[in-house]
Every structure is written in C-alpha cells, then in structure tokens.
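Take a look at the structure below.
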Amino acid sequence: MDLDLTTPEGRKKQGELILQAIREAGLSVEQVAKDIGCSRALLYQYIAGTTLAQPDKLTLIARRTGKPLVFFYGADLAQPEAIQAEREAFQRERLELERKLVEERERNLKQQIENLFSLADAQSSPPDWKSAASTCEQIIPLARSIGDEESEAKALFKLGNLRLLMGDIDGALSSLRQAQSLFEKLENKAYALACRQSIGRALLLMGHPEEAKAQFDLAAKSDNWHNRWEATVALAAVSEWVGDFKSAMERLDEAEDLSSQAPTEREGQIVRMFVSANRANVYLACGDFAEAEKLAREALKVAEQIGDRDQQLELMLTIAVCLGHLGKWVEAYESALRAKTLASFANDFERVVVAETVLAQLLAIVGDFDGAKVEAKSALTSALKIRSRRAELWAQKALAETYLREGNSTEARYHAQMSFEIAEGMRHALEHAHSLALKSWTNFQLGDLNSANEEAEKAFHIADEKGMRYIAALSAWLKAQIAMKRNEKEAEKWLSNALKLAQETGDANLLYSCLALKGEWSLLKGKLQEAFDALMKAHHLLESWRTDWRNFGLDDTWLEDPFRRKAYLSLAQCIAQKEGKEAAEKFVNELGWLPLIEDWHEIAASLQLHQKTEELKRRK
C-alpha cells in the first residue's frame with residue numbers, strides 16, 4: 001500500500017507509522033527528536049500529519065528505530081529480500097549510532113567526574129567541607145553508572161575524610177569502608193591502606209583505641225613510604241590517647257627515622273613537622289609546657305614555610321594553650337584570638353570551636369566570666385552543630401571551669417558531668433582524669449566532701465600513674481582543700497605535693513592557687529610569717545599579671561575571682577597583725593577594687609571587736 005502524501009490522510013497515515021516505529025523500538029518521542037536533531041514539536045507535527053516529514057529526517061528516524069525506509073511509505077513488509085537487506089543495513093547503522101552515543105555519553109560523564117573532583121579539591125582548600133562533600137556525593141552515582149570503580153572509590157574516600165572532619169563519624173566509617181572494599185578489589189594497596197588510616201582515626205574518635213591501633217598497625221607494615229610514616233605517627237597518637245606517653249615518644253622517634261627515607265626534602269620536612277607537633281602534644285599532656293611550646297613553634301615555622309594552613313592553625317592553638325599555662329596571658333590571648341580569626345576566615349569550624357574554648361579558659365582565669373561564658377557557649381553550640389564530640393568535650397570543660405572559678409557550682413555541676421560522660425565514652429586517659437578533677441572541684445564547692453575526695457583521689461591516681469603532672473597537681477590541690485576542710489593532717493602533704501608539681505610544670509595559675517592556699521592554711525594555724533610569705537608571693541604574681549593585662553588595653557577583671565579576693569583578705573589580715581590596721585587598709589585601698597575594700601571594712605570591724613573583747617578578758 002503506497003501512501004499519497006499529497007493528501008492529509010496520507011500524511012496522517014505516515015505519522016501513525018512514525019509513532020508505531022518509535023514505540024516498537026522502545027523509544028520516546030523526546031529521545032528520538034533529540035537524536036535526529038529536531039525539536040519535539042516538529043516531530044509531533046510529523047506524527048499528527050500536519051507537516052510532511054522531510055526525507056532526511058525520515059531517514060534518520062528509520063535508522064534510529066531500525067525500520068526500513070519503505071516502511072514509512074506504506075510498503076508491504078512481507079519481508080521480500082530487498083526490504084530485508086535494507087532493514088539489516090539500517091539495523092547495523094542503528095547499532096553503530098547507539099555505540100557512538102554510549103561512547104560519547106561515557107566521555108562526557110568522565111569529563112564531568114573529573115571536573116567535579118577538581119571542584120571538590122577547590123572546595124577543600126580553603127575548606128568548605130559541606131560543599132566538597134556534596135560534590136563527592138554527586139560523583140559517586142555518576143562513576144557507578146559507567147562502571148568507573150576507581151573514581152567511585154576515590155570519591156567515597158574523599159567523602160569519608162570530609163565527613164570525619166565534619167564530625168559525622170558513622171557516615172565517615174560507612175564511606176571509608178566502601179572505598180576500602182573497592183580499592184582492595186582494584187588491588188590499589190596504597191589507597192586501601194590510606195582508607196584504613198582514616199578508619200582508624202574514626203574509630204579512635206569513637207573511643208575504640210584498640211580497633212584503631214589494629215588499622216594503623218596494618219598500614220605501618222606497608223611497602224609504601226607515605227603509608228608507613230603516616231601510620232607510625234597515628235600509632236603515636238593512639239598511645240598518647242590512652243596515656244602511654246613513653247610508647248608515643250618511641251613511635252615518634254620511628255617516624256623521624258623514616259623522614260630520612262623521604263623521596264624529596266619537602267616530604268621529609270612534612271614528616272618532621274608532624275613529629276614535632278605530636279611531640280608537643282605529648283609534652284603538653286605530661287605538663288612540660290615550656291618544652292611543648294618550643295616544639296610547637298619549631299613545627300609552626302615549618303608549616304608556614306610549606307604553606308600547610310591546617311597545621312598552622314593547630315600549632316597556633318597548641319602554643320596558646322602552653323602560653324596560658326605558663327602565665328603569659330597576653331601572648332596566649334593574642335595567639336588564640338588570631339587562630340580563631342584565621343579559622344573563621346577558612347571556614348574551619350572545629351578549630352573555631354577549639355579557639356573559643358581556649359579563649360574561654362583564659363578569660364575565666366582572668367576573671368572575665370561573662371566573656372568566658374560567651375566564648376564557651378558559642379563553642380558548645382557550634383560543636384553540637386558540627387557533631388564533634390571532641391569539640392563538645394572541650395566546650396563543656398570550659399563552661400564547667402568558668403562556673404567553678406565564678407563560684408557557681410550549681411551551673412558547673414551539669415557541665416562537669418557532661419564532660420566526664422563524653423571523656424569516658426571516648427576512653428581518652430587525660431580527658432577522663434581532667435573531667436574527674438572538675439567533678440571533684442564541683443562537689444567540693446557543693447559541700448559533698450566524700451564524693452569530692454573520691455573523685456580527686458581517682459584523678460590523682462590516673463595522672464600520677466600516667467605522668468600527667470598538671471592533672472596530678474590540680475588533683476593534689478583539690479585533695480589539700482578537702483583535707484583542710486576536714487581538718488586532716490594529710491592537708492599539708494597534699495598541698496606540698498601540689499606546690500612541687502606546680503613549680504615543676506611551670507603552671508602559673510596553679511602555682512598562685514597553691515601559694516594562696518598555703519597562706520590561708522598557715523594563717524588559720526597561727527603561723528603568721530609563713531602565711532605572710534606565701535600570700536605575698538601570690539600577690540606579686542597576680543599584680544604582674546594585672547599590670548600586663550591592663551597595659552595591653554584589656555579590662556582588669558582579675559579580682560572578680562572570689563578565690564583571689566579571699567587570698568587578698570587573708571594577706572590584709574597578716575599585714576594588720578604585723579604592721580597594724582592602717583597599713584592593711586592602705587594595702588587594700590591600693591589594690592583598687594571596691595568590692596574588696598568593702599569586704600575588708602567588714603572584716604576590719606570584726607577584727608576590732610575581737611581585739612576589744614580579748615583586751616577586756618585580759619583586764620579581768
């Protein structure tokens with residue numbers, strides 16, 4: 001049956017044949033229109049018979065659908081040989097066209113994957129982790145659709161590490177384990193071991209140090225130099241985590257030896273930088289703050305030379321913590337503030353949180369409790385948002401310590417308990433001991449001496465056994481106060497121990513606290529000269545800090561701390577007994593703190609009344 005294409009009926013019949021061919025080929029009108037290079041609207045006009053299909057377009061439709069051209073002119077398809085030959089030719093052309101289309105699509109997808117990897121790299125430095133993770137999530141299904149397992153594995157690996165940085169530990173583990181499986185299937189040992197190292201970091205953050213160590217041990221046995229040194233440093237971090245500082249230093253010595261095998265001088269520098277940074281962390285945990293600061297500065301210098309922004313921020317924060325312990329308050333404040341600014345600029349949210357906790361602890365020591373709470377609460381909000389347990393732990397500790405220094409033990413109790421629960425879940429030895437000490441301090445202020453003593457004892461035992469001298473000193477200071485409150489003879493032993501450790505570590509604020517406590521205890525026991533000497537040493541320390549802080553242009557809030565006001569009132573009593581009431585009043589007035597002056601007037605009045613009573617007794 002030949003079609004009369006000069007009539008509407010003939011054109012309509014041809015349109016029906018076009019639609020029939022499309023459907024029998026399992027295609028859509030939109031797809032065929034795109035493949036033959038015409039609009040969907042024009043193809044609809046062919047099908048409706050309102051427009052006569054042009055011969056070139058009809059030929060393309062025939063090829064795309066696998067029908068012989070004569071089919072569209074109403075030929076009888078009883079399969080005569082000529083028609084069959086034409087059909088086979090069209091079929092071959094159709095298959096060739098489809099092959100080319102598949103190849104082109106694959107090329108386009110590979111180019112798209114490559115572009116997305118470049119975008120993810122760009123989003124990672126400076127970090128925009130969320131956007132970079134989203135880009136990786138786009139790569140994975142594209143790579144999977146074309147069977148590109150290598151690209152899929154690399155995208156999963158990158159996604160896992162980004163999730164790790166964002167605090168999504170469960171999501172990180174899922175991605176990293178998928179990546180590891182694919183890399184092992186592809187026999188890419190280097191990447192498979194790199195996955196193990198990232199899995200190890202995730203497990204460590206989840207509080208599974210033994211499982212983390214198993215992952216790092218495998219990577220450390222690799223033939224690949226990069227895997228070996230990175231795994232060795234990671235094993236040092238595990239040892240530090242559980243409080244085995246001797247093992248941590250031995251691992252770092254091994255890593256430093258590996259730096260001599262580096263393929264390039266720059267890569268050797270990188271290894272030595274990480275070794276110094278991790279040694280600084282170990283010294284910090286042991287309470288050797290001066291050596292920790294020295295090592296951190298050495299590592300920072302290398303980080304600046306090679307342009308490692310990530311390590312620069314980490315080391316600036318380490319230095320700020322060291323300076324704070326050493327009593328270099330202004331330098332510590334500047335370093336922490338600068339780190340916070342740079343981390344904010346780089347969208348490094350976790351380090352912004354860490355910087356805020358460092359600032360909070362500094363401001364709490366300085367007596368700026370309102371400022372400390374602003375920083376610590378901001379840190380806690382951000383930590384919960386990015387789901388970082390480490391950052392949450394530090395924020396909770398900062399809040400607990402701020403409230404304790406302020407004397408608000410009711411508020412401190414919640415944050416001390418939360419820090420304890422997080423530290424216990426993470427199985428981090430130092431953090432566990434520190435949080436126990438904060439709980440002890442809280443219960444001491446609340447008057448629960450039994451709980452306070454038990455927690456301080458546990459904290460001291462852990463710290464003493466592991467060599468955490470700062471935590472040991474803090475726990476001994478707490479034990480001394482508890483023993484004094486109970487009027488126990490052990491008070492002097494614990495105070496002497498705390499003072500010795502404070503001097504050894506160089507922790508300035510703890511040294512002040514021990515001297516002040518010694519002065520108050522000596523005064524209560526009637527040892528006037530001993531009390532005076534200790535309290536005067538504490539006074540000289542505090543006055544130098546106040547002067548430096550004011551000279552930097554910061555508000556002098558040091559005497560907002562009730563513990564320090566109490567120490568000054570004790571010193572004023574010593575002066576009153578040694579040199580008279582007028583000398584004591586002059587001393588208090590020169591301190592320039594109105595609440596302290598008012599407190600002294602009340603004490604002086606009671607002292608005067610006490611003296612008159614004693615005089616009357618003597619006369620009788």
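The values are calculated or read from the model by the stated rules, or taken from the named source; none is laboratory data. Model, not experiment: these values are computed from the prediction. No Cβ is skipped: glycine too gets one built from the backbone with ideal geometry, and neighbour counts run over all protein chains shown. Accessible surface areas use protein heavy atoms only, side chains included; no ligands, DNA or RNA. Shrake-Rupley method; radii C 1.70, N 1.55, O 1.52, S 1.80 Å.
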Output for region 200-308: trypsin sites (Lys or Arg not before Pro) sitting in coil per DSSP, at most 12 other Cβ within 10 Å, listed by number, reads Lys221
If you filter region 408-499 for trypsin sites (Lys or Arg not before Pro), then keep DSSP loop positions with at most 13 other Cβ within 10 Å, what is left? Arg486, Lys489
Using the Kirkwood formula over every pair of different C-alpha atoms, what hydrodynamic radius in Å results for region 336-375? 9.9
Ratio of the Cα radius of gyration of region 335-424 to 2.2 N^0.38 Å, where N counts its residues: 1.01
Compute and list, largest first, the equivalent-ellipsoid semi-axes of region 298-363 from the alpha carbon gyration tensor, each √(5λ) rounded to a whole angstrom. 19, 15, 8
List the lysines whose Cα sits under 27 Å from the Cα of Lys100, skipping any in the same chain fewer than 8 residues away. Lys34, Lys57, Lys67, Lys110
Thr264/Val374 FRET efficiency (R0 60 Å; Cβ-Cβ; nearest 0.05): 0.85
For Asp223 and Thr51, calculate 0.36 nm times their separation in residues minus their Cα-Cα distance, and state this gained length in nm to one decimal. 54.9 nm
With a cap of 15 neighbouring Cβ atoms within 10 Å, and only residues DSSP puts in a loop, list the GluC sites (Glu not before Pro) found in region 397-489. Glu488
Leaving out ligands and nucleic acids, and using a 1.4 Å probe, what accessible area per residue does region 217-314 come to in Å²? 44
When the chain is fully extended, how far beyond the present Cα-Cα distance does Ala583 get from Gln31, taking 0.36 nm per residue of separation? 188.8 nm
If you stretched the chain out fully between Asn108 and Ser39, how much longer would it get, using 0.36 nm times the residue separation minus the C-alpha to C-alpha distance? 22.6 nm
Over all directions, region 246-388 yields a Cα convex hull whose mean projected area in nm² is 9.1
Scale the Cα Rg of region 125-283 by the rule-of-thumb value 2.2 N^0.38 Å and send over the ratio, two decimals. 1.07
Taking the square root of 5 times each eigenvalue of the Cα gyration tensor, what semi-axes in Å does the equivalent ellipsoid of region 199-265 have, largest first? 21, 14, 8
Simple spin-label estimate for Leu449/Ala190, 7 Å along Cα→Cβ, in nm, reads 6.6
Calculate I(q)/I(0) for region 275-329 by the Debye formula, one identical point scatterer on each C-alpha and no solvent, and give its log10 at q = 0.13, 0.25 Å⁻¹ to two decimals. -0.26, -0.87
Computed on Cα atoms only, the convex hull of region 389-499 has an orientation-averaged projected area in nm² of 6.2
Tensor-based shape of region 135-216 (alpha-carbon gyration tensor, a/c under 1.5 rounded, otherwise prolate or oblate): oblate
Relative to the compact globular guide of 2.2 N^0.38 Å, what is the alpha carbon radius of gyration of region 101-170, as a ratio? 1.13
Convex hull over the Cα atoms of the chain, averaged projected area in nm²? 40.0
Among the listed pairs Lys158/Lys185; Lys485/Lys581; Lys294/Lys328; Lys328/Lys385; Lys466/Lys500; Lys397/Lys537, give every one whose C-alpha distance is greater than 21 Å. Lys485/Lys581; Lys328/Lys385; Lys397/Lys537
Listed pairs Lys525/Lys566; Lys130/Lys189; Lys458/Lys518; Lys130/Lys377; Lys489/Lys518 exceeding 25 Å between Cα atoms: Lys130/Lys189
May I ask you to derive the relative contact order of the chain, considering only C-alpha pairs under 8 Å and at least 6 residues apart, and to give it as an integer percent? 7
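Classify region 447-524: rounded, prolate or oblate, from the alpha-carbon gyration tensor (a ≥ b ≥ c, eigenvalue square roots; a/c under 1.5 rounded; otherwise prolate if a/b is larger than b/c)?
Values: a/c = 2.07, a/b = 1.10, b/c = 1.89.
Oblate shape, in that a/c is at least 1.5 and b/c is the bigger or equal ratio.
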Which value, in debye to the nearest 20, describes the size of the charge dipole of region 189-335 about its Cα centre when Lys and Arg Cβ atoms bear +1, Asp and Glu Cβ atoms bear -1, and nothing else is charged? 240
Would you mind computing the Rg to Rh ratio of region 483-571 from its alpha-carbon coordinates, Kirkwood style for Rh? 1.01
